[in-house]
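So the structure is just underneath, and the comments pick up after that.
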Amino acid sequence: MRCPFCAHPDSQVKDSRPTEDGASIRRRRQCEGCGARFSTFERVQLRELTVIKKDGDRQPFDRSKLERSIAVAARKRPIKTEQIERMVSGIQRQLETSGESEVQAGRVGEMVMDGLQRLDPVAYIRFASVYKDFREAKDFEAFAGTVAEAAEREE
């Protein structure tokens with residue numbers, strides 16, 4: 001594994017342990033060149049996934065991009081990092097086991113919306129504002145109204 005500090009090509013694994021959700025392994029490494037320590041994560045990847053954007057552009061599925069977008073929506077909310085990681089792992093697992101190597105970006109967005117709706121209503125509305133491209137305050141009001149109505153029906 002290449003060192004992120006000095007780009008030395010070799011590092012030594014000092015410690016390995018499974019993550020809390022058991023979906024990956026965290027490895028502590030030490031660079032053989034500069035001696036710096038860093039962590040890497042190893043996950044099972046069932047297949048290469050390609051995301052097809054709205055404009056037709058194709059990009060490889062990027063787990064970290066998905067984690068970042070959910071984290072932005074969940075900022076300053078009572079949502080733990082582990083909850084976000086579990087949600088992302090679940091989405092990735094569903095996509096990988098679907099049997100398809102290409103997935104529409106809209107499908108990924110809907111999966112995130114479903115997960116956030118169960119997790120936190122504010123994060124759900126924040127994500128929806130970007131995903132559904134809200135343009136005016138009334139867009140927020142209308143969407144928040146549907147969220148409130150759904151919550152009342154569940155009670």
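Read the figures in this text as sums done on the coordinates, not as results from a lab. These numbers were taken from a predicted model, which means no experiment stands behind them. Cβ: placed from backbone, ideal geometry, glycine included. Neighbour counts: every protein chain shown.
For the range 1-44, what relative contact order do you get, as a whole percent, if you take Cα pairs closer than 8 Å and at least 6 residues apart? Dividing the mean separation by the residue count of the range 1-44 yields 33 percent.
With the simple spin-label model, which puts each label point 7 Å out from Cα in the Cβ direction, the E32 to K76 separation comes to 4.8 nm.
Measuring r between the beta carbons of R107 and R135 and using R0 = 25 Å, the FRET efficiency lands at 0.60.
Quick one: helix 137-154 against the long Cα principal axis of the chain, what's the angle to the nearest 10°, folded into 0 to 90? Tilt relative to the chain: about 90 degrees. For the chain, take the longest principal axis of its alpha carbons; what is the angle in degrees between that and the long axis of helix 63-73, to the nearest 10 within 0 to 90? Computed tilt is about 40 degrees.
For D120, D139, what ranking results if the residue with the fewest other Cβ atoms within 10 Å of its Cβ goes first? The order, fewest Cβ neighbours first, is D139, D120.
Using a ≥ b ≥ c from the Cα gyration tensor of the range 1-120 (square roots of the eigenvalues), is it rounded, prolate or oblate, where a/c under 1.5 gives rounded and otherwise the larger of a/b and b/c decides, a/b for prolate? Taking the square roots of the gyration eigenvalues as a ≥ b ≥ c, the range 1-120 is prolate. If R0 is taken as 22 Å, the Cβ-Cβ distance between R43 and Q12 corresponds to a FRET efficiency of 0.55. Computed on the range 1-74, with alpha-carbon pairs under 8 angstrom and 6+ residues apart, the relative contact order is 19 percent.
Given an 8 Å cut-off on Cα distances and at least 6 residues of separation, report the relative contact order of the chain as a percent. Result for the chain is 16 percent. By the count of other C-beta atoms within 10 Å, a proxy for reagent exposure, F143, F127 are ordered fewest to most as F143, F127. Taking each DSSP H run with n ≥ 4 as -39500 (n - 2.57) and averaging over every residue of the chain yields -15000 deg cm²/dmol at 222 nm. Compared with the dominant Cα axis of the chain, that is its longest principal axis, helix 121-131 is turned about 90°.
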